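Asker: What follows is a structure written as structure tokens; I'll ask about it next.
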There are 2 protein chains.
Amino acid sequence: MAMKDVQPGTRNEEGIAAVLGILKQTFGERFQTGQSFREQHTHTTTYLPAQLPDGVVFVESADDVKTVVKTCAAHKVPMIPFGTGSSLEGHLNAPSGGISIDFSRMNRVIEVNAEDLDCTVEPGVTRGELNTYLRDTGLFFPIDPGANASIGGMAATRASGTNAVRYGTMKDNVLSLTVVTADGEEIRTAQRAKKSSAGYDLTRLYVGSEGTLGIITSVTLKLQGIPAKIGGGVCAFPNLKAACDAVIMTIQMGIPVARIELLDEMQMKACNAYSKLSYAEKPTLFLEFHGTEETVALQSEQFSEIAAECGADEYRYTANAEERAQLWKARHNAYWAGRALAPELNGLSTDVCVPISRLADCVAETQADIRETGLLAPIVGHAGDGNFHVLMLFDDKKPEDLARAEAFMARLNGRALAMGGTCTGEHGVGQGKMSYLEQELHSALPVMRAIKKSLDPDNIFNPGKIFRL
Amino acid sequence: MAMKDVQPGTRNEEGIAAVLGILKQTFGERFQTGQSFREQHTHTTTYLPAQLPDGVVFVESADDVKTVVKTCAAHKVPMIPFGTGSSLEGHLNAPSGGISIDFSRMNRVIEVNAEDLDCTVEPGVTRGELNTYLRDTGLFFPIDPGANASIGGMAATRASGTNAVRYGTMKDNVLSLTVVTADGEEIRTAQRAKKSSAGYDLTRLYVGSEGTLGIITSVTLKLQGIPAKIGGGVCAFPNLKAACDAVIMTIQMGIPVARIELLDEMQMKACNAYSKLSYAEKPTLFLEFHGTEETVALQSEQFSEIAAECGADEYRYTANAEERAQLWKARHNAYWAGRALAPELNGLSTDVCVPISRLADCVAETQADIRETGLLAPIVGHAGDGNFHVLMLFDDKKPEDLARAEAFMARLNGRALAMGGTCTGEHGVGQGKMSYLEQELHSALPVMRAIKKSLDPDNIFNPGKIFRL
């Protein structure tokens, strides 16, 4: 939480005034400074207070981006790239003011190379739009962070989600980027070849840099063949340890599960209430298998043996698409089911990630902490990766609630770090996790700062995020 | 080839003299300046002329590395990390003199976390040593670049090899590093969690940085379960196009081949002669399948259907370990078979990597070029990744041979780049590919240089590699 990290920065009023004038002249109606535009371009999905940009520019090409960067760089004015606004840690706030760069009009699929299983898109394409576009090719882009985020935003925050256990995260699925650097020029980080040892891995340096090192103008992605068959399963366990043991054995045996999601008791209760279901209110795994008719059946069979060995209560499986949608309904609605536990409260979704051997301990200790703190906070985990989310429900208008939630979050992060884990598996650092990153990678922060200073000497790319300079 | 990139750099004689004295005093017998030690620590596996370091220090701990770095940094003297000496592009040369840091005594496996499928090792452990150590755990480290390289060297060059098609490259298999930076302090790049969005991805910045940004002191690696069953196959095709089409279809269908290697006609001829075999001297794929009894059989069956569709001549498959070793003998001995085509000549192995849709074209044009140039140069490819090696056999003492090989290599790289490929899929840049990297990622080099300058302002980490400053 660390509200101290959301303090306003210093505003360069003179530079901002100059840039507002120039951008208005250059972009006309495509540059907006009205209150509602500015509000729409800060954060709506978090507890963090909004810090509005001074204007919003709707770019339509890499040349537009270059123009914006050159203008802002000349006057040392901050820029904040904006995809769909679904990030969770205050990435879109403008603590020192500046210009929000809206990518919704840069949403073209530039090329698809079906034989090479890759495509190149503009950053404003959402994953939903991309998969709709790809449907006829038999290919899909697997990364699914839940929200229908933009590909540029997903690259910038190193997003992942439910099927990262099989397909990896954005770091594994971006082949190459074009990026506009602080001098307003566009660079390409890599060729389209599937692997390369050609120099520093700039692709992965920009992936996850949260807009602080440059502005992404195109993304080349790996694609996957749409599975011939998808199987789905649900399995309740007598306790958390048994469920996590089943996950560990599944991963160790190399069963290529596409998704293996853990919902805790409170989350299952919420799902039953919200979706009118009658699942056991026990720690439950939701599974998805991708492959052919034969291989998904085989995978499910192997999992069912593991589940039985771990003392699972009941394993339900189907390879029928409709039945699978029904089985998975609880998981798909988990967020809204959680919110519905207390519709009057705010919901703050936070995430940590630990080595999977520590997942059971970390979740159990967190549940105990939730009970002791008196919080309402269901847990959903991407268990195969050791990544889990706590949806904290609280009234952010009440200082005592906020303080309690903040203290809980500090303990959660401390616990994950002590277990060899990370303060964020997939949400990124933004403003919300700066102090935890400081704890996690204290020794490495000078290197990150040196890189930031070398590539953005005037601190104009999304300032006030990831770390203090 | 670009011999101009192997010119000596400026030597800081005063600093070197000071460092030699201090290291002798500090490390005693663990610091050597004799000619034979210095020769052993430059490059023996390439055509590039050796450029000897001034001394060799045998480090035994991260503290030793810190001492060496602080000493060299104080006197602005270059350091070149040394694993096993198997790199191919002049990475170990010391164009400006300096100190070779030998990691052969830092070869401990620090910890194995079997449940998490990870381990942490010192950089001097070879992949062979690691896999021997792991045998009883049921786990293995999959990356196999051919040579029994050190894990530190493999991380530094972003190595991969035959089974990258299934398990990825070092970029995908290093979870975290510790690195000694220019100020002589040790940093940790990440925690042990399987994924993270916590700040800049320094792990992948150091992986592939070829010792130019800091000195790796430990590597945390992902491990895999040893497959219950391994199947092997060999399949000859009437022509290159048919073989490459089979590869593309195999990848597109998502058959999780562990290895899919392409040997061209000349290579098959060399293998027959060297290993006394009687394979058809046609473009041939060597395959390996990892899984269970059932899944390897299924994978092989799926591949055989594809092969038939592509007009394959004959597909031989076995799930018996001995028979598989026999089937694969030709591939395993391919390098020595190639060298045996002309034992009196030097062998230079170079690699490029293209999108797989262009693999057939790139190999066919390269074969035509080889014929026209009158070179002896068999081709072996990691076909599933679009990566292939040309083993150029020539007399590097004859200027005309060298010039001819150099011109051929320039065309090979130009061809790969024009097809969206890279000048090096897995060997790295070192000295040998600097001019090709310049062609490939021209726009991005200023960013790489800025990072280098920010993390190594005195250019003491493996200077004269990857790019000119």
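Asker: For the range B:258-360, please list each of the strands (runs of 3 or more DSSP E) lying entirely inside it that holds at least 1 residues being under 29 Å from residue A:302 (Cβ atoms).
Answerer: Counting at least 1 such residues, we get B:259-263, B:284-291, B:314-318.
Asker: Looking at the range B:413-433, which of the residues that are out of contact with any strand residue (DSSP E or B) (no Cβ under 7 Å at 6 or more places or on another chain) and open to solvent by less than 10 Å² (accessible area, probe 1.4 Å) is farthest from the other protein chains (Cβ to nearest Cβ)?
Answerer: Step by step, filter the range B:413-433, then rank; the result is B:431.
Asker: Which condition number in (1) on the phi < 0 side of the Ramachandran plot; (2) open to solvent by 60 Å² or more (accessible area, probe 1.4 Å) is the one that residue B:34 fails?
Answerer: (2)
Asker: Kindly check whether there is at least one residue in the range A:371-392 that is among the polar types (S, T, N, Q) and either farther than 25 Å from residue A:167 by Cβ or surrounded by fewer than 22 Cβ atoms within 10 Å (Cβ to Cβ) (or both).
Answerer: yes
Asker: Pull out all pairs, ordered by first then second residue, where Cβ-Cβ is under 8 Å, the residues are six or more apart or on different chains, the first lies in the range B:423-449 and is in a helix (DSSP H, G or I), and the second is modelled with pLDDT under 95.
Answerer: Short answer, once both residue conditions are applied: B:434/B:2; B:434/B:5; B:434/B:468; B:435/B:2; B:435/B:4; B:435/B:5; B:436/B:2; B:449/B:469.
Asker: A further question on this structure: Any residue in the range A:200-217 that is among the hydroxyl-bearing types (Ser, Thr, Tyr), open to solvent by less than 10 Å² (accessible area, probe 1.4 Å) and without any contact (Cβ under 8 Å) to a residue 12 or more places away in the chain?
Answerer: Scanning the range A:200-217 turns up at least one residue that is among the hydroxyl-bearing types (Ser, Thr, Tyr), open to solvent by less than 10 Å² (accessible area, probe 1.4 Å) and without any contact (Cβ under 8 Å) to a residue 12 or more places away in the chain.
Asker: Considering each residue of the range B:434-450, count those that are within 20 Å of residue B:169 (Cβ to Cβ) and either more than 7 Å from chain A (Cβ to nearest Cβ) or open to solvent by less than 10 Å² (accessible area, probe 1.4 Å) (or both), and give that number.
Answerer: Total meeting the criteria: 5.
Asker: A further question follows. Name the single residue that is farthest from residue B:221 (Cα to Cα) among those in the range B:97-133 being part of a strand (DSSP E or B) and among the hydrophobic types (A, V, I, L, M, F, W, C).
Answerer: Only one residue fits best here, namely B:99.
Asker: Is it the case that residue B:259 is under 29 Å from residue A:116 (Cα atoms), open to solvent by 60 Å² or more (accessible area, probe 1.4 Å) and modelled with pLDDT of 95 or more?
Answerer: no
Asker: Specify which of the listed residues (A:364, A:337, A:368, A:360) is buried (at least 24 other Cβ atoms within 10 Å of the Cβ) and assigned by TED's automatic domain parsing to the domain that holds residue A:255.
Answerer: Criteria check complete, one pass: A:337.
Asker: Shifting gears a bit: For the range B:340-357, which residues satisfy the criterion of being open to solvent by 10 Å² or more (accessible area, probe 1.4 Å) and touching a residue at least 40 places away in the same chain (Cβ under 8 Å)?
Answerer: B:340, B:341, B:344, B:345, B:346, B:347, B:349, B:356, B:357
Asker: For residue B:453, indicate whether it is touching a helix residue (DSSP H, G or I) at 6+ places or on another chain (Cβ under 9 Å), surrounded by fewer than 18 Cβ atoms within 10 Å (Cβ to Cβ) and within 14 Å of chain A (Cβ to nearest Cβ).
Answerer: For residue B:453, the condition - touching a helix residue (DSSP H, G or I) at 6+ places or on another chain (Cβ under 9 Å), surrounded by fewer than 18 Cβ atoms within 10 Å (Cβ to Cβ) and within 14 Å of chain A (Cβ to nearest Cβ) - is met.
Asker: On to the next question. All but one of (1) without any contact (Cβ under 8 Å) to a residue 60 or more places away in the chain; (2) crowded, with 24+ Cβ neighbours inside 10 Å; (3) of a type in the set (Gly, Ala, Ser) hold for residue B:104; state the number of the condition that does not hold.
Answerer: Just one mismatch for residue B:104, condition (2).
Asker: Limited to the range B:123-154, what total is found for residues that are touching a Phe, Trp or Tyr at 6+ places or on another chain (Cβ under 7 Å) and of a type in the set (D, E, K, R)?
Answerer: 1
Asker: Got a number for residues in the range B:218-229 being open to solvent by less than 10 Å² (accessible area, probe 1.4 Å) and among the aliphatic types (A, V, I, L, M)?
Answerer: 3
Asker: Please find, among B:144, B:136, the residue that is part of a loop (DSSP other than H, G, I, E, B) and more than 9 Å from chain A (Cβ to nearest Cβ).
Answerer: B:144
One line per residue, one yes/no per condition, for (1) over 15 Å from the mean Cα position of the chain (by Cα); (2) among the basic types (Lys, Arg); (3) at pLDDT below 95:
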| position | (1), (2), (3) |
| --- | --- |
| B:385 | no, no, no |
| B:388 | no, no, no |
| B:395 | yes, no, yes |
| B:406 | yes, no, yes |
| B:411 | yes, yes, no |
| B:414 | yes, no, no |
| B:421 | yes, no, no |
| B:432 | no, no, yes |
| B:435 | yes, no, no |
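Asker: Working only within the range B:195-221, note down all residues that are more than 11 Å from chain A (Cβ to nearest Cβ) and assigned to a strand (DSSP E or B).
Answerer: Result: B:215, B:216, B:217, B:218, B:219, B:221.
Asker: Would you check if residue A:241 is within 14 Å of another protein chain (Cβ to nearest Cβ) and surrounded by fewer than 18 Cβ atoms within 10 Å (Cβ to Cβ)?
Answerer: yes
Asker: Out of the residues in the range A:147-175 that are within 10 Å of chain B (Cβ to nearest Cβ) and not small (Gly, Ala, Ser), state the one that is nearest to residue A:462 (Cα to Cα).
Answerer: Filtering first and then ranking leaves A:157.
Asker: I'd like the full set of residues that are modelled with pLDDT of 95 or more, among the hydrophobic types (A, V, I, L, M, F, W, C) and within 25 Å of residue B:87 (Cα to Cα), limited to the range B:357-375.
Answerer: Matches in the range B:357-375: B:359, B:362, B:363, B:370.
Asker: Okay, next question. Taking the condition closer than 30 Å to residue B:249 by Cβ and in contact with a strand residue (DSSP E or B) (Cβ under 8 Å, 6 or more places away or on another chain), does residue B:385 pass?
Answerer: Criteria met by residue B:385.
Asker: Does the range B:365-405 hold any residues that are small (Gly, Ala, Ser) and either over 19 Å from residue B:423 (Cβ atoms) or within 14 Å of another protein chain (Cβ to nearest Cβ) (or both), and which are they?
Answerer: Across the range B:365-405, the qualifying residues are B:368, B:374, B:381, B:383, B:384, B:386, B:403.
Asker: Take the conditions without any contact (Cβ under 8 Å) to a residue 60 or more places away in the chain, of a type in the set (D, E, K, R) and part of a helix (DSSP H, G or I) and apply them to residue A:166. Does it pass?
Answerer: So residue A:166 does not fit the description; no.
Asker: Let me ask another. Take the residues in the range B:176-191 that are facing chain A (nearest Cβ under 7 Å) and either among the β-branched types (Val, Ile, Thr) or surrounded by 24 or more Cβ atoms within 10 Å (Cβ to Cβ) (or both), then tell me which one is nearest to residue A:207 (Cα to Cα).
Answerer: B:189
The values are calculated or read from the model by the stated rules, or taken from the named source; none is laboratory data. Bear in mind the structure is a predicted one, so any value in this text is a computation, not a measurement. Quick reminder, even Gly has a Cβ in these numbers, built from the backbone with ideal geometry, and neighbours come from all protein chains shown. Accessible surface areas use protein heavy atoms only, side chains included; no ligands, DNA or RNA. Shrake-Rupley method; radii C 1.70, N 1.55, O 1.52, S 1.80 Å.
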